[in-house]
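K.L.:
Input: one structure, supplied below.
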Amino acid sequence: MRDGRLTWFAAALAGGLVAAPLLSASDTSTANAPALEQPAATSAEQAWADLQALIAAMPSAYPEAWQTNRPSPQAYLEYRVSLSRREAAAAQKSRDFYARYPDHTNAPAARLREEQLLVAAAQMGYTQAVERLNEIEVERLSNPALSPDERFDLKARAIRRQMMRVSANQETAKSLAACEQVVRALQAEFPARPEPWEMLLDIAGEQADVPARTLARDIAQTCPQEDLKRQAGQLLKRLDWAGKPLKLKFTTLDKKTFDLEALRGKVVLVVFWASWCGPYVAGVDEDLAGYEKWHAKGLEVVGICLDKNEAAASRFIQDRQIPWPQYFDGQAWLTKWAVECGITQLPTFWLIDKSGIVRDLRARPGVESKIEKLLTESL
């Protein structure tokens, strides 16, 4: 979630850095999809009305209750499977319509609707939707009359799907390098577009130290967008903290003194978060469970809150019964310790070892094993 512009629902749909695992073919196979009724050959109008009704009946968001009460992983997966099947079924019905009635006035709209539904299903992890979407994109890109904007959007969409897969599957540095290569090709073809720079910054945020520095430095030096240059500079600033001592001292939200130096001999997880950050809200129960498991063994947690509204931050902390100390100054992205640490994404998790040294700037995923390893180290 760069600069916190996405809600949890939007972030989950976009895939991004918090994408859920892709659904397997067995989860979403067409054999398990709802049975499709073929539209009556004598009634295109009725077939179109049926399609519209099917689409209108689909939810446009996750259940509202999930914004405050995180579902179980099983409930979340079941919902994704169910919704992706419905989107795939509606996409197939759209295709059936324009195949059966190619000259109907609504045939072009049905083609567009199929593509939109496949995009939605693909974002939910439906692999068969990706296969069909690839076919559509190849066909559309072969059209010499396609506008430059349409051509860019199609290519960028395919690249974002590739990036989503790499992020969701926590793939290797080689996969991230492949993503960078295709983004560079897109950038060369459309040098005036800002989006490839944004993609490159996202890739840099996922990479290991050396390639991340190289890419971030290139963005900071050559990107024409000042905001992205600033974020690349912040990323470089964040990377510079690796292996250095963090001198973290402040007055907490509840007016107590916090000094990281007093926690020498403890492993400390520093959490940069905000109550408006959907991925953090969705995962805070996991953080609380980890704290309960490891606290007695030597883990401490400290929060750096990027909220503007103190009441909202305090209410969230109280409602979730978050026990660890919190820094808050109401400056959002200009929060003192967010600026000092070069934070441009939320949530961000840092691990500090028993000597007060920053050991991991991307503690998630795999935070439990990382904590366990640091706890075994001698001071």
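K.L.:
Mind listing whichever residues of region 177-219 are within 17 Å of Arg362 (Cβ to Cβ), aliphatic (A, V, I, L, M) and crowded, with 19+ Cβ neighbours inside 10 Å?
P.N.:
Answer for region 177-219, where residues must be within 17 Å of Arg362 (Cβ to Cβ), aliphatic (A, V, I, L, M) and crowded, with 19+ Cβ neighbours inside 10 Å: Leu201, Ile203, Ala204, Ala212, Leu215, Ala216.
K.L.:
With over 25 Å from the mean Cα position of the chain (by Cα) and touching a residue at least 24 places away in the same chain (Cβ under 8 Å) as the only criterion, which of Ala120, Ala110 stands out?
P.N.:
On the way: Ala120 fails: over 25 Å from the mean Cα position of the chain (by Cα).
After ruling out the rest, the residue left standing is Ala110.
K.L.:
Follow-up. If you take the residues of region 87-132 that are among the acidic types (Asp, Glu) and not in a loop (DSSP other than H, G, I, E, B), which of them is surrounded by the most Cβ atoms within 10 Å (Cβ to Cβ)? Please lay out each step first, then the result.
P.N.:
Initial filter on region 87-132 (among the acidic types (Asp, Glu)): 87, 96, 103, 114-115, 131.
From the residues that got through so far, the ones that are not in a loop (DSSP other than H, G, I, E, B) too are 87, 96, 114-115, 131.
Numbers: Glu87: 25, Asp96: 18, Glu114: 23, Glu115: 20, Glu131: 11.
Step by step, filter region 87-132, then rank; the result is Glu87.
K.L.:
Within the set of pairs 6+ apart or on separate chains, which have a first residue in region 359-378 that is closer than 12 Å to Val267 by Cα, a second that is modelled with pLDDT of 90 or more and part of a helix (DSSP H, G or I), and C-beta atoms under 6 Å apart?
P.N.:
Between residues of region 359-378 that are closer than 12 Å to Val267 by Cα and residues that are modelled with pLDDT of 90 or more and part of a helix (DSSP H, G or I), the close pairs are Asp360/Lys370; Ile371/Trp294; Leu375/Lys297.
K.L.:
Moving on. Considering only residues that are under 18 Å from Thr257 (Cβ atoms) and either surrounded by 15 or more Cβ atoms within 10 Å (Cβ to Cβ) or touching a Gly at 6+ places or on another chain (Cβ under 6 Å) (or both), which ones fall in region 318-339? Outline the logic, then answer.
P.N.:
Pass one, region 318-339, residues under 18 Å from Thr257 (Cβ atoms): 323-329, 336-337.
Trp324, Pro325, Gln326, Tyr327, Phe328, Asp329, Trp337 - these are the residues of region 318-339 that are under 18 Å from Thr257 (Cβ atoms) and either surrounded by 15 or more Cβ atoms within 10 Å (Cβ to Cβ) or touching a Gly at 6+ places or on another chain (Cβ under 6 Å) (or both).
K.L.:
Quick check on my filter: what residues within region 326-358 are closer than 19 Å to Lys266 by Cβ and not in a loop (DSSP other than H, G, I, E, B)?
P.N.:
Listed by number, the residues that qualify are Gln326, Tyr327, Trp337, Phe349, Trp350, Leu351, Ile352, Ile357, Val358.
K.L.:
Let me ask something else. Does any residue of region 146-167 turn out to be assigned to a helix (DSSP H, G or I), surrounded by 12 or more Cβ atoms within 10 Å (Cβ to Cβ) and among the aromatic types (Phe, Trp, Tyr)? Talk me through it step by step, then tell me what you get.
P.N.:
The initial filter retains those residues of region 146-167 that are assigned to a helix (DSSP H, G or I), namely 148-167.
Still in the running and surrounded by 12 or more Cβ atoms within 10 Å (Cβ to Cβ): 150-167.
Among the residues that remain, those that are also among the aromatic types (Phe, Trp, Tyr) are: 152.
Yes, that holds for at least one residue.
K.L.:
With the checklist (1) closer than 21 Å to Leu215 by Cα; (2) part of a helix (DSSP H, G or I) in hand, flag the one item Ala192 doesn't pass.
P.N.:
So the condition that Ala192 fails would be (2).
K.L.:
Could you give me the residue pairs with C-beta distances under 6 Å whose first residue belongs to region 216-236 and is at negative phi, whose second residue is modelled with pLDDT under 90 and polar (S, T, N, Q) wherever it lies, and which are 6+ apart or on separate chains?
P.N.:
From region 216-236, the pairs are Gln231/Thr344; Gln234/Thr344.
K.L.:
Moving on. Residue by residue through region 214-240, note down the ones that are more than 23 Å from Pro191 (Cβ to Cβ) and of a type in the set (A, V, I, L, M, F, W, C).
P.N.:
Step one: of region 214-240, the residues more than 23 Å from Pro191 (Cβ to Cβ) are 234, 236-240.
If the condition is that a residue be more than 23 Å from Pro191 (Cβ to Cβ) and of a type in the set (A, V, I, L, M, F, W, C), then Leu236, Leu239 are the ones that fit.
K.L.:
Right, something else. Tally up the residues in region 128-159 that are small (Gly, Ala, Ser) and out of contact with any helix residue (DSSP H, G or I) (no Cβ under 8 Å at 6 or more places or on another chain), please. Give the steps one after another, and end with the answer.
P.N.:
Step one: filter region 128-159 for residues small (Gly, Ala, Ser), giving 129, 142, 145, 147, 156, 158.
Now restrict to residues that are out of contact with any helix residue (DSSP H, G or I) (no Cβ under 8 Å at 6 or more places or on another chain): 142, 145, 147.
Number satisfying all stated conditions: 3.
K.L.:
Would a scan of region 92-110 turn up a residue that is among the β-branched types (Val, Ile, Thr) and either within 26 Å of Met199 (Cβ to Cβ) or touching a Gly at 6+ places or on another chain (Cβ under 7 Å) (or both)? Lay out the reasoning, then the answer.
P.N.:
First pass over region 92-110, keeping only residues among the β-branched types (Val, Ile, Thr): 105.
Next cut, either within 26 Å of Met199 (Cβ to Cβ) or touching a Gly at 6+ places or on another chain (Cβ under 7 Å) (or both) only: none.
Within region 92-110, none of the residues are among the β-branched types (Val, Ile, Thr) and either within 26 Å of Met199 (Cβ to Cβ) or touching a Gly at 6+ places or on another chain (Cβ under 7 Å) (or both).
The values are calculated or read from the model by the stated rules, or taken from the named source; none is laboratory data. Every value quoted in this text rests on a predicted model; they were computed, and no experiment measured them. Please note: Cβ atoms are built from the backbone with ideal geometry, for glycine as well, and neighbour counts cover all protein chains shown.
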